[in-house]
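Here is the structure we will look at.
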Amino acid sequence: MKKQAVALFVGLALLVPSMNGSALARNQQDREYYETRGEIVWEVPTNTKVMALTFDDGPDPEYTLQIAELLKQYNAKGTFFVVGSRAKDFPEVVRQLASEQHELANHTYSHPDVRRISSERLQAEMEKTQETIFQSTGIRPQLFRPPGGYYSDAVVNTAKKAGFLVVMWSWHQDTRDWSDPGVQKIVNKVLNNARNGDIVLFHDYGGDRKQTVQALREILPELHKRGYQFVTVSEMMRLYGKTKKVGQGEHGDD
């Protein structure tokens, strides 16, 4: 009986790496499919020392403004994937981001699990967020990031129908700051993996974001010293190799 148990354990242990490898291969295939079609962006291939810093789930009247102040010190522009309900609660923060020429992007209205809602509900979430941001700033964002980074044909097609390009983040630049891993882990994740054209994922809301702010105090000067410039996602795509014409956002008359 013990021999059978040991054999089963060994068999499972051998199987797990195979399953992980298979999952990674599927993820790579999915990514190549969407990248080739120009439907999702993970990063921008470029020889220029430039990257985009992105911030999800805000705005927050404390942490978003602290981050904006840090970015200003390095003439850096961020891309803020805004949750519509929070934009409604803190329109002054959204207006400040826009006035400082950061990019506003759509991150749904209530941050639902997009795997569990209909395409109609997702479209309504997008549209409500658009209207909320427009009412505060006169801007209609052109980029969308699904909460949790979950994407599928349904998500991509709904985004396209609503006029969005889906933007994710570089696989090697997920800071996981939402889990409070410690300032040094966030810093090391970004600095040790910094590459041209990276899209880096941070969060400016979702609990205590002091670690994110403190990490940026170390990340920004070091990358600046290495010669990196920090631009919005749309600017990086427009200037450094993405052919789709995307702007900071469209201004309208209502």
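Here are some notes:
- Summed residue charge, Cβ within 15 Å of ARG86's Cβ, Lys/Arg positive, Asp/Glu negative: -4
- Per DSSP, loop trypsin sites (Lys or Arg not before Pro) in segment 126-234 with at most 15 further Cβ within 10 Å: ARG176, ARG195, ARG226
- Gain on full stretching of the segment that runs from ASP113 to ALA154 - 0.36 nm per residue minus C-alpha separation: 13.4 nm
- Spin-label zone in segment 31-67 - amide nitrogen under 18 Å from a point set 7 Å from the Cα of ASN75 along the C-beta vector: 48-53
- Scattering curve values for segment 25-155, log₁₀ I(q)/I(0), Debye with Cα scatterers, q = 0.09 Å⁻¹: -0.28
Here, each number is a calculation from the coordinates, and none is a lab measurement. Not measured: the values here are computed from a predicted model. Cβ atoms come from the backbone with ideal geometry, glycine included; neighbour counts cover every protein chain shown.
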